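Read through the structure below, which is laid out as structure tokens, and then see the notes.
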Amino acid sequence: MKKPLVGIIGLGQMGLPMAGNLLAAGHPVLGLDALPVQAQALAGQEGYRAAPDLAAMAAARVVILMLPDSDIVDDVLWNQGLAASLSAGTLVIDMSSSNPTRTHVNAERLEQAGLAFVDAPVSGGVKRAREGKLAIMIGGPDSAVARARPVLEALGTTLVHVGGAGSGHAIKALNNYISASGLLAVAEAMAAAQRFGIDPHVANQVFNASSGKNSATEQKVEQFILSGTYASGFALALMRKDLETALGFMAQMRTPTAFASCCVDIWRDAEAGLPARSDHTAIYRYVQEGG
Ligand code: NAD
């Protein structure tokens, strides 16, 4: 059976490989990015077409957003007129790491406009985006989630329906708080070990065989920190944004934020102290240089 045309807006580090996997799964894809070079990156691949403008997205029954943050998502949906140009009944899937409160508002507004919506942010980074093995956390009503699933299955291997609209974005922000605090802890521990004269490769080998193991020790330390590349493909500014989202959400829930507040402050300082557009793994350089 012919698969439906999927629109995707935001063809950056994540959106581009995701669009590639939609094509590989047999979906025709209509792509759009503010940067023409990104929108054209898949030109020539069978099934791919670059959209001339947002209005062209009216041809798609499913439109994915993979944009940096809620400000840009809202700008595209409401100021630039995406919501107004979509055909009735179109499903919008916000896969960006957006703000859950603002997502809740968007879900209601889109529903009033006769459109369906789910939030479906992802985890796994550029590597798993390329492999089509992302973890996808989904928020929204059962009917919309059922429509989204066949499309999301082309992008990820673990799809979890978390709850109502915004719950995917809430759990994503909380997950990244855990991830960022784990990476920061590893950075501080490694800097101290190194200063003592311990080979950092050996230190990480020990962490990975011990109770200190986490996603940073397993997937970031050797690959992006000790290799000196600092090129995971996830910007430090985006991690700081996710931490601010998590902290704001926890404050709204009136649950403790002592550790999260401290963590956010350090990541903000690191962003200010490191070159613009640094990768999030460069937090290690910031820590090593004395914070
Ligand atoms: P990115 O900056 O590489 O890509 C964003 C893309 O959106 C860019 O190509 C940019 O030109 C485009 N864009 C910006 N404004 C636009 C507009 N108004 N209209 C059309 N296109 C526009 O970011 P990314 O790393 O791909 O991240 C995208 C989202 O996924 C973010 O919310 C991020 O937090 C989240 N995320 C990223 C990773 C990762 O490892 N990079 C992992 C999980 C989640």
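The values are calculated or read from the model by the stated rules, or taken from the named source; none is laboratory data. Keep in mind that this is a model prediction, so the values were computed, not measured. Note: ideal-geometry Cβ built from the backbone for every residue, glycine included; neighbour counts use all protein chains shown. We work out accessible area using only protein heavy atoms, side chains counted, and drop any ligands, DNA or RNA first. Shrake-Rupley method; radii C 1.70, N 1.55, O 1.52, S 1.80 Å.
Some points to look at:
- Test result for Ala25, within 20 Å of the chain's Cα centre (by Cα) and open to solvent by 30 Å² or more (accessible area, probe 1.4 Å): no
- Some residue of region 78-100 being surrounded by fewer than 23 Cβ atoms within 10 Å (Cβ to Cβ) and within 19 Å of the chain's Cα centre (by Cα): no
- Counting residues in region 194-214 that are without any contact (Cβ under 8 Å) to a residue 12 or more places away in the chain, touching a Pro at 6+ places or on another chain (Cβ under 7 Å), in a helix (DSSP H, G or I) and away from the ligand (no atom under 16 Å from the Cβ) gives zero.
- Residue check, Ala189 farther than 28 Å from Ser98 by Cβ and outside the structural domain of Asn99 (by TED's automatic domain parsing): yes
For (1) closer than 22 Å to Ser232 by Cα; (2) touching a strand residue (DSSP E or B) at 6+ places or on another chain (Cβ under 6 Å); (3) without any contact (Cβ under 8 Å) to a residue 12 or more places away in the chain, each residue gets a yes or a no:
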residue: Gln13; (1), (2), (3): yes, no, no
residue: Gln80; (1), (2), (3): no, no, no
residue: Ala83; (1), (2), (3): no, no, no
residue: Asp94; (1), (2), (3): no, yes, no
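- Consider region 221-242 and keep the residues that are of a type in the set (A, V, I, L, M) and more than 18 Å from Glu188 (Cα to Cα). The one that is surrounded by the fewest Cβ atoms within 10 Å (Cβ to Cβ) is Ala231.
- Every residue from region 195-211 that is exposed (fewer than 14 other Cβ atoms within 10 Å of the Cβ) and not β-branched (Val, Ile, Thr): Arg195, Phe196, Gly197, Asp199, His201, Ala209, Ser210, Ser211
- A count restricted to region 252-272 and to residues that are within 21 Å of Ile171 (Cα to Cα), open to solvent by less than 60 Å² (accessible area, probe 1.4 Å) and among the small types (Gly, Ala, Ser) stands at 2.
- Those helices (runs of 4 or more DSSP H) of region 233-291 in which 2 or more residues are of a type in the set (D, E, K, R) and either touching a helix residue (DSSP H, G or I) at 6+ places or on another chain (Cβ under 9 Å) or at positive phi (or both) occupy 236-253, 258-273.
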